[in-house]
Amino acid sequence: MMEIRFKLNGRDVTAMAEADDSLYQVLRSLGISSVKCGCETTNCGLCTVHMDGKAVLSCSVPAPRCAGHEIVTLEGLQDEAKRLGACLADEGAEQCGFCAPGLMMNVLALAKENPGASDEEIDAYMAGNLCRCSGYMSQRRAVRRYLAMIAQEVSA
Amino acid sequence: MAVYKNYVLAQSLDEAYALNQKKSSVIVAGNMWLRMCGLRKQTAIDLSALGLDRIEENEDAFVIGAMTSLRDMETHEGLNACFGGVFADALKPIVGTQFRRGATIGGSVYSRFGFSDVSALLLALDAKVVLYQRGEVSLAAYQKEAWDRDILTHVVIPKGRRAAVQSVRLSATDIPVLVCAASVGPDGARIVLGARPARAMVVADGISPEADASVCEAIAQAASFGTNRRASEAYRRRVAPVLMMRALMACSETQKDGEEECK
């Protein structure tokens, strides 16, 4: 076991990890339940978190690599999550909700990186978030609605 | 599942190279897909603290650190301006943005994955790899070699060629069934086929950029293809000339559009 220190949702944390643990496993051991394990092969996007402000797949980030870095999960972005969650609900973009935390983390990364994203850019950015129940059209509408909301706030 | 006993965040290339001489060691790059690989090693060596995640431009080339993510290449303004946006176009179909932020150019090139879109494009652009011990080696030669214990530190992409990539996939973000990268430079056009399903290789070099369907057909007939669960040899051979033609045409268009941007 090795000791890893990093910043999690704004707090300094220390976690114990095996050499071959992924960030996902460490986060779950710290009680972070929004991070889900779907495919564990870097394809589904369920385990998306922000590492130093960028969306990454926590199932493929070696836990020891996180030492000294800043990790943010949906638990650390509750205000944004509520507003984005409302957009998802209004557009019928969620059924079982299992993929929602990973999807929301990627949308929040998109909002920072390209707040004026076109539909085509939204589709390309969200291609790594798989959903098997609500469908992607409603998700696209929800993302568009959220980005418009953010843009309106900025202009106001 | 990848299983390691020790994890070493290397503090220098010397240290990483020394550790990597043991067969029980492995270099960890993007760490993608390792859950499926059944890898069991004593020591994992991480190069992420060595500053190998930068894209630098000089007069003649772009020098890209081995730990640079595919996403950084996809969104790098200088790289895309110089090569007509081909990196953005060619890398976008690879899984998703989060995946491409993790996957590294060094991991793709060292592993010589047959399905690699990246390797096909880099071969078309006449890229070279820089190895810690051996120095600079052409990617075309490196692609043919067996895996060894040297460390790939950089990929060098010379300026002066325009490239385009075409691929066939069973679904939008899937691994390609066939990739064709074409480039045009002062010495004519070069065509690379990847996901044959074997490693990408140059199948034509120095041909006319205006090569017609019969030339592409002849190149496809002479190239080597295989069958896997994604497609048959015959299917790949049939599709290849179409991708070649499309890639050459796309090259000509970007050549006309941006001749001044890379000087």
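No lab work stands behind these numbers, since they all come straight from the coordinates. What you see is a predicted model; the values in this text were computed from it and never measured. Cβ placement follows ideal geometry from the backbone for every residue including glycine, while neighbour counts extend to all protein chains displayed.
Couple of notes before you dig in:
- Taken over the protein assembly as shown, the convex hull of the Cα atoms encloses 149 Å³ per residue.
- Expressed as a whole percent, the proportion of Cα-Cα pairs in region A:44-83 lying more than 14 Å apart is 47%.
- For region B:169-263, average projected area of the Cα convex hull in nm²: 6.7 nm²
- Value of Rg to Rh for region A:13-156, rounded to two decimals, is 0.97; Kirkwood radius and Rg both from alpha-carbon coordinates.
- Considering only alpha-carbon pairs that sit under 8 angstrom and 6 or more positions apart, the relative contact order computed for region B:112-263 is 24 percent.
- Helix-only CD estimate at 222 nm, as mean residue ellipticity for chain B, using -39500 (n - 2.57) per DSSP H run (n ≥ 4): -9000 deg cm²/dmol
- The order of A:Cys59, A:Cys131, going from fewest to most other C-beta atoms within 10 Å of their C-beta, is A:Cys131, A:Cys59.
- With a Cα cut-off of under 24 Å and a minimum spacing of 8 residues unless on different chains, the lysine pairs in chain B number 16.
- D_trans [Stokes-Einstein, Kirkwood Rh over alpha-carbon pairs] for region A:2-75, 25 °C, 0.890 mPa s, µm² s⁻¹: 206 µm²/s
- The Kirkwood radius of region A:54-129, taken over pairs of alpha-carbon atoms, gives through the Stokes-Einstein law at 25 °C and 0.890 mPa s a diffusion coefficient of 179 µm² s⁻¹.
- Shielding by partners - mean other protein chain Cβ count within 10 Å, residues of A:35-43: 4
- Charged side chains reduced to their Cβ positions (Lys and Arg at +1, Asp and Glu at -1) give region A:77-155 a dipole of some 160 debye around its Cα centre.
- Near-label residues of region B:14-45 by backbone N, under 20 Å of a point 7 Å along Cα→Cβ of B:Asp148: B:14-28
- By the helix-only formula, in which each DSSP H run with n ≥ 4 contributes -39500 (n - 2.57) and the sum is divided by residues, chain A has a 222 nm mean residue ellipticity of -12000 deg cm²/dmol.
- Measuring nothing but alpha carbons in chain B and taking Rh as the Kirkwood radius, the Rg to Rh ratio lands at 0.97.
- Inter-centroid distance (Cα atoms) of region B:82-101 relative to region B:163-231, Å: 18 Å
- Here region B:120-192 is treated as a sphere whose radius is the Kirkwood value from Cα pairs; by Stokes-Einstein at 10 °C and 1.306 mPa s it diffuses with a coefficient of 117 µm²/s.
- Legend: mean number of C-beta atoms from other chains within 10 angstrom of residue C-beta atoms, peptide B:98-107, equals 5.
- Helix B:213-222 vs. chain B, principal-axis angle (Cα, 0 to 90°, nearest 10): 40 degrees
- Looking at the protein assembly as shown alone, DSSP beta bridges between its own residues are antiparallel in about 80 percent of cases.
- Peptide B:214-223 has a mean of 0 when you count, residue by residue, the C-beta atoms of other protein chains within 10 Å of its C-beta.
- For chain B, built as a Gaussian network whose Cα springs stay under 10 Å, the top-fluctuating residue of B:Leu122, B:Leu70, B:Leu39: B:Leu39
- Convex hull volume of region B:16-122 per residue (C-alpha atoms, cubic angstrom): 117 Å³
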